[in-house]
Amino acid sequence: MIETENISKTYRLGDTKVRALRKVNLRVEDGEMLAIVGPSGSGKSTLLAILGCLDVPTKGVYRIDGQEVMRMNERQLAAIRRKKIGFVFQQFNLLPRTSALENVMLPLYYSGVSHRARQAKAMEALERVGLAERAKSHPNQLSGGEQQRVAIARALVNEPAILLADEPTGNLDTHKGAEIVAIFQKLNREEGQTVIYVTHDPFIARHTRRIVSIQDGRIVRDEPVEHPLAAGTPRSDDILGESLSTTVEEDEEAGS
Amino acid sequence: MNPFENFRIALRAISANKLRSGLTILGIVIGVAAVVALMAVGQGATSGITASVEGMGTNLITVSSGGRSFQRMAGGSATSLLYSDYEAILATVGNEAAVTPYYAGMASVKNGDRTASATLTGVLPNYTRVNAYSLASGRLITDQDNLQKSRVVVLGATSAEDLFAGLNPLGREIQINGKNFSVVGVLEAKGSSGLTYQDDMVLIPLQTAYEVVFGAQAKSRGKNTVSGIALSAADADQVDLIMANVEFTLRREHSLTLTEDLPFSVSSQSQMLASLTNISGTLTTLLGAIAGISLLVGGIGIMNITLVSVRERTREIGLRKAVGAPKGVILFQFLTETLTLSILGGILGVLIGWGIAWGVSSAGLITTSVSSEVVILSLGMATVVGLIFGIYPAYQAASLRPIEALKYE
Ligand SMILES: Nc1ncnc2c1ncn2[C@@H]1O[C@H](COP(=O)(O)OP(=O)(O)O)[C@@H](O)[C@H]1O
Ligand SMILES: [Mg+2]
């Protein structure tokens, strides 16, 4: 379970201040699957980095399973990142000139797992994303979708409580994007994995059970999805139109 | 995280980035090889000079004509060192030192078409002992040879080779200024010294030199002259005393007062050694400075590679932190990686430097010597240089928050 209490993040660029997050309150239970949406520059990545303990808020409290992250020292933070969080980046961030298997093994180096067990676990994680047969390939030999699946396997390998993904489909075409979403859904449904991903694409967001909308660093809406889309559902104008129209309506309600 | 595990990660990072690793190593290799090779040349030259001076005979004192003043050049009457000076010196210090005079001059020394490039030296029997030569085969010049002005010759190892090209010279004849001499002995080689050609030697009896070969050329106002007188003190502590006695005797013989310049030089081997060691010490320091600069250049090379790869490495460090690597472990890992590269480069550098030194030696240029101090010093410096340039950027990267390191441009 993760919980933020009035977290704010302000970047200072010389004299100007950029308020990327303003008093964000968010609570996510174990086993949830949710999407964070919002226009570019609204603070989605900033929020996700804080949730993943890759960054710290300027103000506010962030708790993971009741533990206050801001009070932790370097070593404890590293342990949290290692044990509780799996992070998937839009840019994949795989080590170049290093095989898929070795990339997936990376987090295990720091977990005190024996070499044999590391290989077995990494192989298992690759199987979960359907890439076992590409274990020996290097990132430059893999397609974008495959690279992102390797990155997901790496995020999964330590069996984290929470899987966080920042625009995981942002660099992929529709078809490859659907594959990634399918993996997330399967993990969530079959294994109860908590999944939070950021997207600016309402269609991708509708594959989850909850959508949190951010604008100008504030949460402007947080609502369940009645009928989450199954991965592979064709992107029809109807669905998109429906979700967009609701967005517009509710925005007007909120404004009035 | 045990050290072995760390070493494994470091090796993977090294082998995954062969070009980067290779370039990093190259900087260290060049620096260390330069240090080792240059210092080997410097130290080799030093010890070669020292050995050659020592090889001239221990406790050696040499007296030669041509002292501190330039009377000959100034057109004043030449003061020659005389055979009678030798007799006077022998009478004075004969109990404390072996004394031997010699007359050296240019002469044609041939065996048929073959020529020896040595000067011809007329000697007494103890010449070889005073100058620390030993006999390889045959016999030395004897008193009998001198009395009888025999036409016999003893050859240095190189001269024997020049004249006989491997044949046994004993009992054969050579021609000195067209006169036949028979070879009675060959000296043991002293080895190359870098200072003098110690094995280019053609020795004949001194009296034969005066009477048969040089004649009037060796005389000054009707008296036999000598080119020099060598003394070998029985006791090293007595060298200074003997030198004073020799100077005193020479002044008396040539009727010089104490205030007049002595037209001869009286010098000891230790004086010579001191000044030569001084010169070659300066040389070694100079070479060392050049070598130090190469190591610095190597260090700058490493720094450049590190700076070029710092963007990629910063992102890598960010990623490692993001997947839960503690800062300490990352730094230890980079330490291991840099140490491995530095030591590898250092060892390669030592081997290459050694190879260059060996090449210089076997090309016969100069006998080099690689000292363990230089090896340890250059390895140490390479490691320090590698550590500074490898660890500092890693430390900076590991101090960033993961998200900053990942976004690093
Ligand atoms: N490191 C940074 N320094 C300064 N400003 C930043 C930094 N990172 C993000 N911002 C700013 O914070 C705001 C939110 O950024 P971000 O969280 O990346 O938005 P999103 O992911 O929704 O596009 C933007 O205005 C962005 O320019
Ligand atoms: Mg973003």
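The values are calculated or read from the model by the stated rules, or taken from the named source; none is laboratory data. This structure is a prediction, so every number in the text was calculated from the model and none was measured. Cβ sites come from the backbone with ideal geometry, for glycine too, and all protein chains shown count toward neighbours. The protein model used for the area step is the full one, side chains on, heavy atoms only, and it has no ligands, DNA or RNA in it. Shrake-Rupley method; radii C 1.70, N 1.55, O 1.52, S 1.80 Å.
Miscellaneous remarks
- Those helices (runs of 4 or more DSSP H) lying entirely in segment B:96-210 with at least 2 residues under 29 Å from the mean Cα position of the chain (by Cα): B:127-130, B:157-164
- Restricting attention to segment B:393-408, the residues being more than 10 Å from chain A (Cβ to nearest Cβ) and buried (at least 22 other Cβ atoms within 10 Å of the Cβ) number 2.
- Among the residues of segment A:158-200, the one identified as touching a Lys or Arg at 6+ places or on another chain (Cβ under 6 Å) and within 16 Å of ligand 2 (Cβ to nearest atom) is A:Val198.
- Any hit, segment A:10-18, residues being away from ligand 2 (no atom under 16 Å from the Cβ) and crowded, with 22+ Cβ neighbours inside 10 Å: no
- Looking only at residues in segment A:14-53 that are in a strand (DSSP E or B) and within 14 Å of chain B (Cβ to nearest Cβ), the one that is farthest from ligand 1 (Cβ to nearest atom) is A:Leu21.
- Count of segment A:86-125 residues which are of a type in the set (A, V, I, L, M, F, W, C) and at the interface with chain B (Cβ under 8 Å from one of its Cβ atoms): 4
- Residue, farthest from B:Lys321 (Cα to Cα), within segment A:57-75, restricted to residues that are open to solvent by 50 Å² or more (accessible area, probe 1.4 Å) and within 16 Å of ligand 1 (Cβ to nearest atom): A:Lys59
- Residue match in segment B:87-101 (condition: of a type in the set (A, V, I, L, M, F, W, C), under 20 Å from B:Ser220 (Cβ atoms), open to solvent by 50 Å² or more (accessible area, probe 1.4 Å) and at pLDDT 90 or above): yes
- Checklist (1) closer than 28 Å to B:Ile14 by Cβ; (2) more than 16 Å from ligand 1 (Cβ to nearest atom); (3) crowded, with 16+ Cβ neighbours inside 10 Å applied to A:Lys84, failing item: (1)
- Single match in B:Thr336, B:Thr314 (criterion: within 14 Å of another protein chain (Cβ to nearest Cβ), out of contact with any His (no Cβ under 9 Å at 6 or more places or on another chain) and open to solvent by less than 10 Å² (accessible area, probe 1.4 Å)): B:Thr314
- Of the criteria (1) touching a His at 6+ places or on another chain (Cβ under 8 Å); (2) at pLDDT below 80, which one B:Thr79 fails: (2)
- Options B:Ile352, B:Ile388: the member that is at pLDDT below 90, open to solvent by 30 Å² or more (accessible area, probe 1.4 Å) and part of a helix (DSSP H, G or I): B:Ile388
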